[in-house]
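Reading through the structure tokens given below for one structure.
Since every read-out is calculated from the coordinates, none of them should be taken as a lab result. Predicted model only: the values in this text are computed from it and were never measured. A quick note on method: Cβ atoms are made from the backbone with ideal geometry, for glycine too, and the neighbour counts reach across all protein chains shown.
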Amino acid sequence: MVPRSFARSPLTVGSVVVVAVWLALAAAAPAIAPHGPLAQDIANRLAPPGPAHWCGTDPLGRDILSRVLYGARLSIPVGIAAVALAVMLGTLIGSVAGAAGGIVDEAIMRLTDLMLAFPTVILAMIISAALGAGIRNAVIAIMVAWWPTYARFARGLVIGARDREYVEAARAVGASPLRVFLRHVLLNILSPIVILGTLDVGRAILTFASLSFLGLGPPPQIPEWGSEIAAGRDYLDQWWIATFPGLAILTLVVALNVVGDGLRDALDPRLRKA
Amino acid sequence: MNLQTYVGRRVLVLPAMILGITLLTFVLSHAVPSDPVAANLGDQAAADPAIVAAFKHRWGLDRPLPEQYLVYLRNLLHGDMGVSITTHQPVLTDLSQHLPATIELATAAMLLSLLLGIPLGIFSAVRRDSVVDQIGRGVSLLGVSMPVFWLGLVALFVFYARLGWAPSAGQLSPRVALPPFVTGFVVVDALLAGQTGTATDAIAHLALPALVLASSAVGIITRMMRGSMLEVLGEDYVRTARAKGLAPRRITFRHAARNALLPVITVIGLSFGSLLSGAVVTETVFAWPGLGSYAFLSATSLDFPAIMGVGIVVATVYIVVNLFVDVAYAMVDPRIRMG
């Protein structure tokens with residue numbers, strides 16, 4: 001099943017391992033974290049990395065390693081959920097545009113033009129200014145900012161699939177337009193869209209971390225990588241506060257991007273040589 | 001289609017696009033049931049119906065949405081974007097004070113990423129699979145995977161706190177006065193006023209945030225340039241040039257790189273958007289007094305007149321930049337005008 005070119009690159013294989021390790025760490029965080037994510041060791045505030053706290057402690061004396069491990073339990077699902085929602089919304093709107101054509105298509109495409117003029121973070125800020133900060137609203141913000149990309153992609157695929165023989169055949173045997181659209185068009189364009197979405201999970205994790213760094217994510221007591229880095233902003237000399245959550249984001253996102261690139265190369269041989 | 005018609009057509013669509021942007025910004029910041037009342041008045045005042053009614057009336061929140069939008073639009077045409085709830089200044093004044101700093105930062109970052117990304121992309125393609133290529137690919141991978149706010153903190157820690165090479169955060173050193181306001185770009189204004197000391201100080205302050213902000217655009221441009229260069233190097237005319245016995249340097253730069261640059265031009269416009277996103281985050285790390293810091297302040301305090309202003313300005317800047325990029329592309333590549 002896994003194409004050989006994918007398994008042959010040591011970088012790709014290493015990245016798969018890194019992603020797997022992060023998934024395992026996220027799942028096992030409550031069992032392996034040395035401390036609770038909220039437990040405060042006031043006597044050891046701002047302690048540098050040492051035997052008691054491997055990655056040091058933050059200004060409230062909380063164990064940074066534990067908070068980084070717990071942070072994975074939030075960032076990974078949120079990244080996946082944000083992309084999944086954007087993909088669903090974008091596919092729905094984009095395939096309606098592609099199937100309907102005419103003025104509906106034109107209107108939807110112009111709307112995506114406008115949406116794409118807003119940088120994600122600014123859009124997220126506008127939405128947060130209306131809805132308030134929070135995990136749910138950060139996810140909504142990413143969904144609202146990203147659906148146009150998937151909508152355009154889905155529209156192109158629907159237009160490509162609309163006139164294929166199997167669709168024509170379904171129409172010829174008397175399938176209703178809705179059935180043709182759902183069973184024969186939509187089902188066939190899903191896999192490239194899902195792949196495109198998978199490639200974006202790393203970027204979504206990064207965006208979510210940026211939003212919570214800006215205070216548009218979860219409240220401060222919840223362990224989250226971006227807001228932990230924000231907490232280290234006022235303590236430049238206590239480098240460990242921001243360093244470890246940052247490394248967590250970097251390793252996970254680099255690995256996800258390498259896996260994504262490998263996946264794309266393996267599935268699209270035309271790009272392999274490039 | 002000739003160039004004039006193409007440019008004319010694109011410019012004519014611009015007002016409609018900007019109108020769409022205002023509508024979209026308005027809908028996004030109003031259509032959802034928000035409660036700016038409680039956020040801006042505090043719980044005690046929000047409990048008093050008279051104060052709440054007065055607040056809502058002041059901001060037009062007691063009228064139906066379409067009417068609110070029309071009022072907003074009418075004021076906007078008169079250059080009135082409302083008054084910021086946090087700074088109590090007209091939003092337009094706030095924006096004109098903050099926009100130049102952001103443009104200065106984003107332009108510096110864009111220049112840096114072109115200066116780094118284009119040569120790196122060319123050499124990666126020419127010396128494919130060499131050490132340079134590996135480094136180039138590593139840089140572009142790290143560039144797109146790096147949390148820019150974290151890179152900013154690390155850079156501040158290493159170059160300011162530890163090595164002392166970079167000045168502290170901010171646009172100028174504490175004892176240096178702002179140059180007289182002409183363009184709003186501190187470096188340009190200082191040079192115009194002949195204050196070389198101030199200009200040097202401003203450039204020193206600009207270097208680190210611009211480099212940090214450039215990181216993701218460098219990655220995108222290197223990757224794009226490399227891919228486009230590889231494609232061009234495989235073309236027949238490059239083989240012909242080789243067969244003629246032209247010097248490899250001449251082929252690389254005169255024949256290949258010039259043509260490979262074309263698709264990269266489009267990416268410049270598109271990555272300007274991510275640059276503006278990154279600017280918001282970078283500015284908060286480096287205490288840069290730009291639009292990002294202002295947006296951050298207004299978003300966290302539910303200051304909707306201010307955040308709407310930021311949204312409209314940023315999206316308009318993005319659209320105008322991309323218009324220029326497309327026109328530049330059409331000028332160098334006549335095939336675009338046919339489409």
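Of note:
- Mean Cβ count within 10 Å, highest first, over the residues of peptides B:86-93, A:251-258, B:301-308: B:301-308, A:251-258, B:86-93
- Along the axis of the charge dipole computed for segment A:65-271 (Cβ charges of +1 for Lys and Arg, -1 for Asp and Glu, origin at the Cα centre), the listed residues A:Leu131, A:Ala81, A:Ala161 are led at the positive end by A:Ala161.
- Between helix A:187-199 and chain A: long-axis angle, C-alpha atoms, 0 to 90°, nearest 10: 30 degrees
- Using a Gaussian network model of chain A in which every pair of alpha carbons under 10 angstrom is joined by a spring, one finds that among A:Leu157, A:Leu111, A:Leu74 the greatest mean-square fluctuation is at A:Leu111.
- Centroid-to-centroid, using Cα positions, segment B:260-339 and segment B:85-126 are 8 Å apart.
- Ellipsoid semi-axes for segment B:256-339, based on the Cα gyration tensor and the rule √(5λ), read 33, 15, 7 Å when sorted largest first.
- Order of B:Leu65, B:Leu156 - criterion: other Cβ atoms within 10 Å of each residue's Cβ, fewest first: B:Leu65, B:Leu156
- Given their separation in residues at 0.36 nm each and the Cα-Cα distance between them, B:Arg258 and B:Thr93 gain 55.1 nm when the chain is fully extended.
- Counting all C-alpha pairs of segment A:192-274, share separated by more than 14 Å (%): 67 percent
- Inter-chain Cβ neighbour average for residues B:282-293, partner chain, 10 Å: 1
- Test item: Cα-centred dipole of segment A:65-271, Lys/Arg +1 and Asp/Glu -1 on Cβ, debye: 460 debye
- Within segment B:264-305: backbone nitrogen closer than 20 Å to the B:Arg10 label point (7 Å, Cα to C-beta): B:264-276
- Remark: chain B carries a charge dipole of roughly 1680 debye about the Cα centre, counting +1 on each Lys and Arg Cβ and -1 on each Asp and Glu Cβ.
- Averaged over A:127-139, number of beta-carbon atoms from partner chains that fall within 10 Å: 5
- Our coupling estimate for segment A:128-138, obtained by passing each phi through the Karplus curve with A = 6.51, B = -1.76, C = 1.60 and θ = phi - 60°, is 5, 5, 8, 8, x, 7, x, 4, 4, 6, 5 Hz, Gly and Pro reported as x.
- Backbone N under 16 Å from the A:Val194 label point (7 Å along Cα→Cβ), restricted to segment A:72-92: A:80-81, A:83-89, A:91-92
- Unit charges at the beta carbon, dipole of segment A:65-271: most positive-side option, A:Pro177, A:Ala107, A:Leu214: A:Pro177
- Counting Cβ atoms of other protein chains within 10 Å of each residue's Cβ and taking the mean over peptide B:149-158 gives 6.
- Estimated dipole of the protein assembly as shown in Debye, rounded to 20 [Cβ of Lys and Arg +1, of Asp and Glu -1, Cα centre]: 2240 debye
- Charge dipole (segment B:222-339, unit charges on Cβ, about Cα centre) - positive-most of B:Val267, B:Leu233, B:Pro305: B:Leu233
- Backbone HN-Hα couplings from phi across segment B:313-326 [Karplus 6.51/-1.76/1.60, Hz, Gly and Pro as x]: 5, 5, 5, 5, 4, 4, 5, 5, 4, 5, 4, 4, 4, 5
- Percent RCO, i.e. relative contact order, over segment A:1-128, from Cα pairs under 8 Å lying at least 6 residues apart: 16 percent
- Derived scalar couplings between HN and Hα for segment A:9-22 equal 7, x, 5, 5, 4, x, 5, 4, 4, 4, 4, 4, 4, 4 Hz in order, rounded to whole Hz, by the Karplus curve 6.51 cos²θ - 1.76 cosθ + 1.60 (θ = phi - 60°), x for Gly and Pro.
- Cβ-to-Cβ counts within 10 Å put A:Trp54, B:Trp165 in ascending order as B:Trp165, A:Trp54, the fewest first.
- Based on the Kirkwood approach, the hydrodynamic radius assigned to the protein assembly as shown is 26.4 Å, with every pair of different Cα atoms included.
- Value of D in µm² per second that Stokes-Einstein yields for chain A, Kirkwood Rh from Cα pairs, at 10 °C (1.306 mPa s): 76 µm²/s
- Built amide H within the under 5 Å cut-off of B:Val83, gap 5+: B:Val91
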